[in-house]
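Remarks on the structure that follows.
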Amino acid sequence: MSDTPSTSSHGHGPFIAAIDQGTTSSRCIVFDKDGRIVSVDQKEHEQIFPKPGWVEHDAAEIWANVQQVVAGAVAKAGVTADDVKAIGITNQRETTLLWDKHTGEPVHNAIVWQDTRTDALCKELGRNVGQDRFRRETGLPLASYFAGPKIRWLLDNVEGLRERAERGDILFGTMDSWVIWNLTGGVNGGVHVTDVTNASRTLLMNLHTLEWDDKILQSIGIPAEVLPEIKSSAEVYGLAAGGTLAGVPVASALGDQQAALFGQTCFSQGEAKSTYGTGTFMLMNTGNQPVNSYNGLLTTVGYRIGDQDAVYALEGSIAVTGSLVQWMRDQMGLINSAAEIETLASTVEDNGGAYFVPAFSGLFAPYWRSDARGVIAGLTRYVTKAHIARAVLEATAWQTREITDAMTKDSGVELTALKVDGGMTSNNLLMQTISDFLDAPVVRPMVAETTCLGAAYAAGLAVGFWSSTDELRANWRRAAEWTPRMDAATRDREYKSWLKAVERSMGWLDDDTVEE
Amino acid sequence: MARTIQSLERAAAVLRLLAGGERRLGLSDISSAIGLAKGTTHGILRTLQQEGFVEQDPASGRYQLGAELLRLGNSYLDVHELRARALVWTDDLARSSGESVYLGVLHQQGVLIVHHVFRPDDSRQVLEVGAMHPLYSTALGKVLCAYDPVAHSEVAEVEREPLTPHTVTGADAFETALELTRARGWAADVEETWEGVASVAAPVHDRRRMPVGSVGITGAVERVCQDGVVRPEIVAAVRDCARAVSRDLGAGRF
């Protein structure tokens with residue numbers, strides 16, 4: 001986005017700057033005291049694919065881009081470092097970097113969360129226990145997304161790295177740590193820290209003590225010397241040492257999904273947000289206790305403000321949502337633009353009996369069946385492309401319902417309303433369908449940039465720019481609300497049919513099936 | 001027989017020659033095929049190229065049909081696309097004006113609401129997407145009538161019933177209001193549709209400068225107006241929003 005909303009009544013400083021170091025781009029947004037956007041700057045970085053399934057980023061390019069977008073956003077806002085009271089950070093989670101603490105140079109490209117090179121390593125680490133070996137301590141299954149196994153891979157595969165790491169010459173960080181270390185001076189006294197939310201995605205932090213778990217470090221084979229200090233999500237880590245915002249406190253860090261939870265002001269137990277993009281991430285605040293999941297969800301830290309108790313969350317993700325609409329556009333050619341899915345789906349009253357289970361790479365939460373593949377069930381001569389378009393939207397809504405049900409089972413808390421954000425919230429029919437299937441209101445906030453807003457909020461709290469979470473709540477504005485219109489009998493009948501379709505997607509792959 | 005325009009006939013012949021599959025032809029092929037001098041043919045090709053109906057391959061210098069021809073047959077803007085593009089800007093308009101925001105398009109003889117942002121005051125409000133508003137009395141409708149000839153001809157067939165004592169019902173008075181709308185680039189409805197309610201709207205254009213919809217705010221007349229006229233900062237915010245959405249759709253600055 002090169003243009004920024006710039007209407008008359010922005011109010012004057014002071015401001016908070018939020019940096020979002022994301023998977024495809026780095027952005028900086030300047031917010032005013034009401035939480036309104038003053039300016040935005042954004043720059044994409046290269047996606048490096050060295051082999052199938054491998055995804056890397058050049059961390060030096062990312063740091064250069066971060067400096068550039070901070071300068072850009074501050075210039076567009078027409079403010080100076082004096083007007084900016086704090087810098088907040090949010091970031092793509094789990095992406096892993098090791099760098100030399102004396103030169104500041106990365107020892108290898110960052111390994112991105114989507115990268116699957118540690119699949120085999122994770123299986124090996126599971127030994128006879130399987131992927132839940134560290135779940136009790138960390139809340140996570142042993143899967144290739146998380147940072148711990150990626151560190152191990154780097155130590156094993158970059159020549160001489162393990163020795164350098166054991167000597168204390170190497171630092172590990174997720175992208176929050178990399179940005180903070182560089183912002184606060186890098187080789188000249190940069191602070192080596194991470195926040196509890198990012199640390200909770202490494203498979204190395206104990207959720208109960210919020211400290212690195214020595215036993216797991218030993219099991220995975222990671223020297224403690226490389227690890228950053230775990231801090232809260234909202235406190236002053238240090239001051240920016242140079243650049244456009246020299247002297248401004250660096251005062252928050254949150255993983256992107258946790259930042260969205262914070263930006264949506266889900267500060268009470270049972271409040272949940274769902275971000276609808278290419279995939280979908282739903283987080284529910286479960287209060288000050290980590291809730292074990294027996295229904296395929298992840299347990300993670302939601303946020304921690306200063307020395308207050310940590311707030312935990314349950315997380316469920318849907319692998320294929322916006323990307324299913326893109327598939328309808330690019331692979332099937334049934335629509336010309338993503339928005340047209342609503343136009344096509346609106347030409348019919350219902351799904352005509354068709355159900356679409358987009359298990360393109362297996363079923364995720366709450367099933368975790370890698371042997372499943374996509375199906376369209378219930379086809380008859382009557383079904384048209386419009387019915388399929390409707391089934392596409394319903395697939396996202398039903399999967400939201402399944403995750404919500406799992407969260408209710410695990411936490412014992414009934415969802416009262418779902419706060420939504422992300423690109424797909426412009427799809428009115430989808431939002432209405434989600435409300436119908438959940439039998440709960442769906443609410444869209446007035447600021448679409450909830451991720452950056454969350455980082456700004458946390459930084460602002462740390463420096464006293466905002467007094468309390470209550471004040472932040474008062475800033476939250478409802479832009480739209482969809483309320484359920486479906487009768488219970490129809491909902492139950494449809495849900496049953498959906499579950500039957502899900503059943504049919506399972507077990508497609510077997511030992512005889514060779515993929516690709 | 002009615003008089004025809006020769007240069008248009010020649011242009012049509014050129015297009016027909018280039019039509020069908022992946023045909024690329026050089027200038028001399030085209031001029032000899034339609035039996036015209038190279039200079040004349042080149043003039044026709046250059047004009048068609050300027051309009052986007054013909055493209056010239058930079059490497060070979062040969063001509064082929066242009067992308068604009070495809071768009072001609074497939075030109076309407078999907079309203080859901082319009083909403084997706086307007087989302088950020090309409091949210092910001094609601095915040096800056098403190099009023100509810102509506103985005104409307106022409107549908108039959110009324111304004112179809114395709115997007116609605118709540119007034120940012122936490123009061124209970126109901127989403128009005130899909131509702132129809134009158135074309136002749138609302139600010140959204142007047143903008144459509146002023147800029148879109150189709151809306152203008154539709155509204156001519158509508159019985160302009162008085163909805164309030166302020167509704168403009170006379171044909172001349174209505175045309176004067178549309179002229180004023182075109183002259184200043186925005187329309188107002190001060191208690192002409194609903195008692196106690198005022199609204200302000202401005203046009204949204206696509207990349208070919210075609211009017212595709214209108215966007216505006218609606219609120220209590222006491223807040224929207226001051227001393228009987230619409231507050232200038234509200235007009236400015238509405239017009240900023242309409243320009244931003246138009247820019248997002250590819251319209252140039254204006």
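Observations on the model:
- Scanning region A:319-351 for residues that are closer than 26 Å to A:L261 by Cβ, in contact with a Pro (Cβ under 9 Å, 6 or more places away or on another chain) and not hydroxyl-bearing (S, T, Y) gives A:A319, A:V320, A:L324.
- Any chance B:L135 is without any contact (Cβ under 8 Å) to a residue 40 or more places away in the chain and open to solvent by less than 20 Å² (accessible area, probe 1.4 Å): yes
- Qualifying positions in region A:27-36 - within 12 Å of chain B (Cβ to nearest Cβ), in contact (Cβ under 8 Å) with a residue 24 or more places away in the chain and surrounded by fewer than 24 Cβ atoms within 10 Å (Cβ to Cβ): A:D34, A:R36
- Of the residues making up region A:458-492, those that are in contact (Cβ under 8 Å) with a residue 12 or more places away in the chain, open to solvent by 10 Å² or more (accessible area, probe 1.4 Å), of a type outside the set (S, T, Y) and in a helix (DSSP H, G or I) are A:L461, A:A462, A:R473, A:N475, A:A488, A:R491.
- Scan of region A:141-164 for residues that are touching a strand residue (DSSP E or B) at 6+ places or on another chain (Cβ under 6 Å) and either open to solvent by less than 10 Å² (accessible area, probe 1.4 Å) or farther than 30 Å from A:A240 by Cα (or both), ordered by number: A:A147, A:K150, A:I151, A:L154
- Residue within region A:96-114 that is surrounded by fewer than 24 Cβ atoms within 10 Å (Cβ to Cβ), more than 14 Å from every other protein chain (Cβ to nearest Cβ) and touching a Cys at 6+ places or on another chain (Cβ under 9 Å) present: no
- The residue list A:A395, A:A440, A:A389, A:A455 contains one member that is within 30 Å of B:T90 (Cα to Cα), within 13 Å of chain B (Cβ to nearest Cβ) and either in a helix (DSSP H, G or I) or touching a strand residue (DSSP E or B) at 6+ places or on another chain (Cβ under 7 Å) (or both), which is A:A389.
- Hey, A:Y276 within 18 Å of A:A458 (Cβ to Cβ) and in contact with a helix residue (DSSP H, G or I) (Cβ under 7 Å, 6 or more places away or on another chain) or not: no
- Residues that are at pLDDT below 85, open to solvent by 10 Å² or more (accessible area, probe 1.4 Å) and more than 22 Å from the chain's Cα centre (by Cα) are absent from region A:67-78 altogether.
- Taking each residue of region A:47-59 that is over 9 Å from A:A110 (Cβ atoms) and of a type in the set (G, A, S) and looking for partners that are open to solvent by less than 70 Å² (accessible area, probe 1.4 Å) and not in a helix (DSSP H, G or I) with beta-carbon atoms closer than 6 Å, six or more apart or interchain, yields A:G53/A:T116.
- Of all the residues in region A:270-314, those that are more than 26 Å from A:G464 (Cβ to Cβ) and in a loop (DSSP other than H, G, I, E, B) number 13.
- Screening the candidates B:D121, B:D92, B:D78 for the property of being in contact with a strand residue (DSSP E or B) (Cβ under 9 Å, 6 or more places away or on another chain) and among the acidic types (D, E) yields one hit, B:D92.
- Subset of region B:81-101 that is more than 18 Å from A:V420 (Cα to Cα) and free of Cβ contacts under 8 Å to residues at least 40 places away in the same chain - its residue that is surrounded by the most Cβ atoms within 10 Å (Cβ to Cβ): B:R95
- Filter pass, A:T197 being open to solvent by 20 Å² or more (accessible area, probe 1.4 Å), among the hydroxyl-bearing types (S, T, Y) and touching a helix residue (DSSP H, G or I) at 6+ places or on another chain (Cβ under 9 Å): no
- Looking only at region A:493-511, and only at residues there that are assigned to a loop (DSSP other than H, G, I, E, B) and loosely packed, with under 13 Cβ neighbours inside 10 Å, the one that is modelled with the highest pLDDT: A:G507
- Candidate set from region B:79-127 (those that are in contact with a Pro (Cβ under 7 Å, 6 or more places away or on another chain) and within 7 Å of chain A (Cβ to nearest Cβ)); member that is nearest to B:G216 (Cα to Cα): B:A94
- Considering only residues in region B:215-240 that are in contact (Cβ under 8 Å) with a residue 24 or more places away in the chain and among the basic types (K, R), the one that is farthest from the other protein chains (Cβ to nearest Cβ) turns out to be B:R223.
- Just one residue in the set B:R243, B:R247 is in a helix (DSSP H, G or I), modelled with pLDDT under 90, within 14 Å of another protein chain (Cβ to nearest Cβ) and within 14 Å of the chain's Cα centre (by Cα); that residue is B:R247.
- Filter result (in contact with a Gly (Cβ under 9 Å, 6 or more places away or on another chain) and outside any helix (DSSP H, G or I)) within region B:4-53: B:G26, B:E51, B:G52, B:F53
- Selection from region A:165-194 of residues that are of a type in the set (D, E, K, R) and open to solvent by 20 Å² or more (accessible area, probe 1.4 Å): A:E166, A:R167, A:D169
- Within region A:427-485, the set of residues being in contact with a Pro (Cβ under 9 Å, 6 or more places away or on another chain) and of a type in the set (D, E, K, R) comprises A:D436, A:D439, A:R477, A:R478, A:E481.
- Being within 14 Å of chain B (Cβ to nearest Cβ) and in contact with a Lys or Arg (Cβ under 7 Å, 6 or more places away or on another chain) is a property that A:S39 has.
- Options A:E159, A:E163: the member that is free of Cβ contacts under 8 Å to residues at least 40 places away in the same chain, within 30 Å of A:H102 (Cβ to Cβ), in a loop (DSSP other than H, G, I, E, B) and of a type in the set (D, E, K, R): A:E159
- Only residues that are within 26 Å of B:R85 (Cβ to Cβ), outside any helix (DSSP H, G or I) and either over 28 Å from the mean Cα position of the chain (by Cα) or within 14 Å of another protein chain (Cβ to nearest Cβ) (or both) were counted across region A:315-365, and they come to 11.
- Single match in B:V117, B:V126, B:V200, B:V224 (criterion: of a type in the set (V, I, T), under 28 Å from A:P445 (Cβ atoms) and open to solvent by 40 Å² or more (accessible area, probe 1.4 Å)): B:V126
The values are calculated or read from the model by the stated rules, or taken from the named source; none is laboratory data. Just so it is clear, the structure is predicted and the values come from calculations on it, not from any experiment. We place every Cβ from the backbone using ideal geometry, glycine too, and count neighbours over all the protein chains shown. All accessible areas refer to the heavy atoms of the entire protein, side chains included, with ligands and DNA or RNA removed. Shrake-Rupley method; radii C 1.70, N 1.55, O 1.52, S 1.80 Å.
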